[in-house]
1. Please say if segment A:330-391 is rounded, prolate or oblate, where rounded means a/c under 1.5 for a ≥ b ≥ c the square roots of the C-alpha gyration tensor eigenvalues, and otherwise the choice is prolate for a/b larger than b/c and oblate otherwise?
2. Write down the percent of antiparallel bridges among all DSSP beta bridges whose residues are both part of segment B:295-406, to the nearest 5.
3. Smallest Cβ-to-axis distance in chain B, for the rotation taking B to A: which residue, how many Å?
4. Would you mind pulling out the separation of the Cα centroids of segment A:281-335 and segment A:367-403, in Å?
5. Taking every alpha carbon pair in segment B:67-138, what does the distance histogram look like in 5 angstrom bins from 0, in percent?
6. Within segment A:318-402, report the trypsin sites (Lys or Arg not before Pro) that DSSP leaves as loop and that have at most 11 other Cβ atoms within 10 Å.
7. Order A:97-104, A:131-138 from most to least packed using the mean count of other Cβ atoms within 10 Å.
8. So what is the accessible area of segment A:169-281 per residue, in Å², with the probe set to 1.4 Å?
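The values are calculated or read from the model by the stated rules, or taken from the named source; none is laboratory data. Please read these numbers as outputs of a predicted model, since none were measured by experiment. Note that each Cβ is placed from the backbone with ideal geometry, even for glycine, and that neighbours are counted across all protein chains shown. Accessible surface areas use protein heavy atoms only, side chains included; no ligands, DNA or RNA. Shrake-Rupley method; radii C 1.70, N 1.55, O 1.52, S 1.80 Å.
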2 protein chains.
Amino acid sequence: MADSNVLEKLVSLCKRRGFIFPGSEIYGGLTGTWDYGPLGVELLRNIKNAWWHDNVTLRDDIVGVDTAILMNRTVWQASGHEDAFTDPLIDCKTCKARFRADQIPESQCPRKPSKHPGEFAECQLTEARKFNLMFKTFVGPVEESAAMVYLRPETAQGIFVNFKNVLDSTRIKIPFGIAQVGKSFRNEITPKQFIFRSREFEQMEIEFFCHPSTSEQWYARWRDSRFQWYRNLGVKSDNLRLREHDKAELAFYSKGTSDIEYLFPWGWGELEGIAHRSDYDLQQHIKFSGKDLSYFDDETKERYVPHVIEPSAGATRSLLAFLCEAYAEEKIVDEDTKKEDMRTVLRLHPRLAPVKAAVFPLVKKDGMPERAHALHDDLRRRFQVFYDEKGAVGRRYRRQDEAGTPFCITIDGQTAQDQTVTIRDRDSMKQERVATDKVPGYLLERL
Amino acid sequence: MADSNVLEKLVSLCKRRGFIFPGSEIYGGLTGTWDYGPLGVELLRNIKNAWWHDNVTLRDDIVGVDTAILMNRTVWQASGHEDAFTDPLIDCKTCKARFRADQIPESQCPRKPSKHPGEFAECQLTEARKFNLMFKTFVGPVEESAAMVYLRPETAQGIFVNFKNVLDSTRIKIPFGIAQVGKSFRNEITPKQFIFRSREFEQMEIEFFCHPSTSEQWYARWRDSRFQWYRNLGVKSDNLRLREHDKAELAFYSKGTSDIEYLFPWGWGELEGIAHRSDYDLQQHIKFSGKDLSYFDDETKERYVPHVIEPSAGATRSLLAFLCEAYAEEKIVDEDTKKEDMRTVLRLHPRLAPVKAAVFPLVKKDGMPERAHALHDDLRRRFQVFYDEKGAVGRRYRRQDEAGTPFCITIDGQTAQDQTVTIRDRDSMKQERVATDKVPGYLLERL
């Protein structure tokens, strides 16, 4: 997959087929923002719903929350973000341009693009200064520091500040987790690599609270089960790896962190971090809020501040990985012309595919459109389905291949006689005849 | 429902049972922000999913998008928000307090709370000035006006700026709509009435594009079908009304607006506005972006700028209306003590209920917990279900009534003999015996 052409082709496919558009595009865009189109929004919904179903609905020990993007400023003082969530920046005194200190060797001097900043005699650089990556805004009608707040740079803190609320309002006992899906914002200096590093993105985070003595076990369990989740959704082992951080990479409070990384066209990139955060976050919030966030175990009569395992996934990053993994170009024989041709196909896992099945009448006569509409109306009560009657059937297959639709159902001349339709499999391109009334069951079994 | 006590009780129930918590609560809160707890997030998800299913999945003529919260500033110049999305504010020169001009008669002078601002001799008020309700922030490392952007105050503009992208990437033809669900932000001077007027909230919006000659029909159709949607989800006709705006209330470009209003405990409040916006928005974006946003009809060979009908609903406001509508207190006879008692019940529509069914062993012995766990494990692959074995069964019913759970399934002594369980209906409190293997079908039919 380490082929930068693939990224270019994928960006183009995403625009052309309505997965992803540049944000505010008709106004020249807004760097680092992206809009999800008709297919993209369904893919993103399917990823988030699969995550929620597997991690919240199916489990007794996890509950969800949905907390505000705007939070009291003290939250980010307690979490350490106000002090430490920074990138080092360097200014050019001459041209006023600004660069990330660690990216100077890859940057160009605006006055003399053949040189790096500082290499050109007229351009004098300042020392590196810290630049906070949180967006700030003001709440209420007066712009004064008391009302200054940040757009959250992660959803995790919304979970920690509600730890006690969740304990008090449910009967849940440790070990348990709180899950959240939602948008976060980071004022990246250099957004890049399509939606991978953007200024507005979506996260899927769990904070799993446990007794300190079981925290190592839970860490290992979460690391493995989250890795397996991507595998189950079709990411091949060669393109997915688990990278355990060295001691030197760990924050002082952390007892271990593993990244789940995907081999993107430009190289390995993080999809999810699973971190053993000890009791650091709750202790910080105890200190800054003055509230008791400890846990009392009814059975052992022990009171303690729980340790936390944090599986923190990027929803929009996962989407990009699923797309990269699904993208393929193949030589085929065209169904209409019987000639050799190329097809682009997205081999998305059926759970994630934006459209589950397309329904075609072979031709627009002999009652085929009516029969196709009837089947389509029946299927869409349960599935995301698409109806198409325009053009040669081979071209219609090609269009669905590009959209990642796992099944194409065609009503043909035989349908009127024996009530069967053909179902074409996206990946094998094989067709089988199935009785019309068996189609919902056929799909249900395979989706 | 116009009973302000009910609101107080509902706020308390929401906190106690984990529907809604004040935002950043352990830090003294952040006015106008709210966090959704374990039950609240499921209710909100169910509302948004019901809307998406009914308006996008079930329809051929609507597709979805999910666009960025941060947009290019020119979007809000084109839409008119930068100039006109304002409240009139008045300052007190003496104490520097700030008031909404139209709310002076309900406000208190901070120096002399028995008086309104301006009534107290020492307090001198300024003239009213316009205050823009959009939150602003800066994108990129330099705080200069070129990089200033707003948090979107509505999701609608994200749809308009993608009109051409959607046309170019799909085969959809007019008449068609684009739908979006997402967060919006308004820097309200006085957030109030629980989640009704908050600074961060969620919307469900459709822009439906049609030929000018059919726009009046589409306006009427959308007005009626959106009204019916709330009715179908259990809002009684007496508490729901459709209010057509007078000519005087309409924006100059609007050909008609209807509000769907709910009778909240404090009076009537807007849940959704259905507006006939003519071609105003697209024309503004044509003017400001210089892009051609017209539509070409292949069949009639006509090129025109479509008219737009906008059904714009509040997801979080709807949630509050559904909760108010569902809330009831009733005299009952307790199942355990056989004495008269009170119960609080949320009669939420089964599609919206956060938990669809609870599974109880009658007592913690004789294999009942094992059988209950087995049924629970089976059901949760398809439904949001809850297991509870603590306390008397009557108290467990009461807890589920408060959470709005439509069905409670109890495994009792008879289950071991004849493989049946009791299913209790939340509203009638009647129980019927159902064969264990018929339970999934029983629920499926009623949900």
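1. Values: a/c = 4.00, a/b = 1.19, b/c = 3.37.
It is oblate, given that a/c is not under 1.5 and a/b is not larger than b/c.
2. Numbers: 10 of 13 bridges.
Beta bridges within segment B:295-406, antiparallel portion: roughly 75 percent.
3. In chain B, the Cβ lying nearest the symmetry axis toward A is B:T137, 2.
4. 38
5. Per 5 Å bin, starting at 0, the Cα pair percentages come out as 3, 16, 21, 17, 10, 11, 9, 8, 4, 1, 0.
6. Numbers: sites: A:K331, A:K338, A:K339, A:R343, A:R347, A:R351, A:K356, A:K364, A:K365, A:R371, A:R380, A:R381, A:R382, A:K390, A:R395, A:R396, A:R398, A:R399; in loops: A:K338, A:K339, A:R347, A:R351, A:K356, A:K364, A:K365, A:R380, A:R381, A:R382, A:K390.
For trypsin sites (Lys or Arg not before Pro) across segment A:318-402 that sit outside H, G, I, E and B with at most 11 neighbouring Cβ atoms in 10 Å, the list reads A:K338, A:K339, A:K364, A:K365, A:R381, A:K390.
7. Details: A:97-104: 17.0, A:131-138: 18.5.
The packing order, highest mean first, is A:131-138, A:97-104.
8. Working: 4220 Å² over 113 residues.
With all protein chains present, segment A:169-281 gives 37 Å² per residue.
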